[in-house]
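The values are calculated or read from the model by the stated rules, or taken from the named source; none is laboratory data. No experiment lies behind these values; they were computed from the predicted model shown. Reconstructed Cβ throughout: ideal geometry from the backbone, glycine too, with neighbour counts over all protein chains shown.
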Amino acid sequence: MPMSRDRQEEKRPRKRARVDSDDEDQQQQQRQKANGTPLRAGVNGSASNPNTPKKEPIRHWRVKAEYWDNTPTKEVADLDDVFYLSDPSATVYIRCKDTMFKIHERMFTCTEFFQECLDSHGPTSISNPHRMVAATVDELRAFFWALYATDSQLAEKITEFPHLQRVFRICSMTRKYPDLPRMIEWADAQVRSVAADNVFMDSCSSAALAEFTTFAILHEFPDELALIQKKWCERLQSKSAPSVPAIQVADEYPEDLKELRGIAYYLHIQDMMDRQTQFTESGATHLFADPKLNNGQVMRLLAGYWSLSALWERLRLKPAELPLGASCCDEAHAKCISIWERRWTSAAGWKRILGINTADALALLSCLQDQLSNDDDLKVINPDCRRAGLEEIRKLREKTKDGLGDHFAGVV
Ligand SMILES: [Zn+2]
């Protein structure tokens, strides 16, 4: 839905030109004096502190196409519960969609851009508010919270997801109106610390993990994205999170979430198999069907099932190559190889392995490695070769794990 910009007065934020004049310095200092909260002006933070590094060029963010429509649907806006301040010295009326805010001018004019908006608008009133269109109502509310927040509020550790959502919105505001370096720094630091907080991450629902993941992708937090993905994969493996929500978000961003995507599809198959003792081709589609999955996803699960089963079939019949150990020699090694292959084939047919479903390549390889490392008949070969062979299985398992997503690539 297009935003009806023609009816709006707000200009798109633009990059502020560098100003180093004395006038600017004075204005800056006066603005800082005029307010006491930490993330507001002075926020601009260049002129007054000679130690403040020069501003970095504004980064170009990968922004998701924004489809919200900020056209008001009501004649009379609702007064915001929190940031329509009754204080008579709060004189700036701001309308965003159907919500009216009223805040202090010294707060709103924290960037030159907002100052210019206000200057060109002239005095605001409830019937003639400044209209904001580039931000959503939730973003504005979060932004005002940040402007008015005290040091102790800002220092509070995030323990609940709604507080993190507020940080997401503040981040989003700072990307839209970039002239807020201190706010950017604060919000980015919050995101970084939460992503590394295991207790918080363990408390997140799948929906929260999905929102955090999407945020980290769109706002370019690659290190945090890696942490969230790792945590989510662990949660899936320990069965403390269901696979379907992970499949949904991973299919939306398959390039960014390769690991999560592979693990989530893989574990979904194992869950389905666990629930069904007998598996037949005709029952397969029905087995993987889930009201929350679309047809493409069900087909990918099915294709992945067959692909993983075929992988094990190949491995079962064709043992991994046994590397030549440091203390072995070519002539003796022929014997090592022959015993290795015999024991491999034998272990692959043992009851314990046969009890694992054929699509569970990771469990099968773990089991095989375990069987062979305890296999007395294999202990007669050169110990270096034996060790190297077991290491090959471990590497094969790692490689299989890293490539899980490839089994679910078809039928898009
Ligand atoms: Zn050997």
Just for region 197-236: of the residues that are under 19 Å from Lys157 (Cα atoms) and in contact with a helix residue (DSSP H, G or I) (Cβ under 6 Å, 6 or more places away or on another chain), which one is surrounded by the most Cβ atoms within 10 Å (Cβ to Cβ)? Phe212
What number goes with the only condition from (1) under 15 Å from Asp375 (Cα atoms); (2) modelled with pLDDT under 95 that Arg342 does not pass? (2)
Condition check for Ser193: modelled with pLDDT under 95, assigned to a helix (DSSP H, G or I) and small (Gly, Ala, Ser): no
In the list Ala241, Ala146, which residue meets the criterion of being in contact with a Lys or Arg (Cβ under 9 Å, 6 or more places away or on another chain), over 30 Å from Met100 (Cα atoms) and either surrounded by 21 or more Cβ atoms within 10 Å (Cβ to Cβ) or not assigned by TED's automatic domain parsing to the domain that holds Gln270 (or both)? Ala241
Surrounded by fewer than 17 Cβ atoms within 10 Å (Cβ to Cβ) and within 42 Å of the chain's Cα centre (by Cα): which single residue out of Lys335, Lys318 fits that description? Lys318
Could you check how many residues of region 358-386 are of a type outside the set (Gly, Ala, Ser), more than 17 Å from Glu341 (Cβ to Cβ) and surrounded by 13 or more Cβ atoms within 10 Å (Cβ to Cβ)? 7
If you take the residues of region 333-379 that are of a type in the set (Asp, Glu) and in contact (Cβ under 8 Å) with a residue 24 or more places away in the chain, which of them is farthest from Lys399 (Cα to Cα)? Asp377
Among helices (runs of 4 or more DSSP H) entirely inside region 302-412, those with 3 or more residues being over 30 Å from Lys258 (Cα atoms) and within 16 Å of the ligand (Cβ to nearest atom) are 330-348, 383-402
Mind checking which residues of region 391-412 are surrounded by 16 or more Cβ atoms within 10 Å (Cβ to Cβ) and more than 27 Å from Gln297 (Cβ to Cβ)? Glu392, Ile393, Leu396
Given the residues Leu147, Leu140, Leu154, which is the only one that is at pLDDT 90 or above and closer than 22 Å to Thr214 by Cα? Leu140
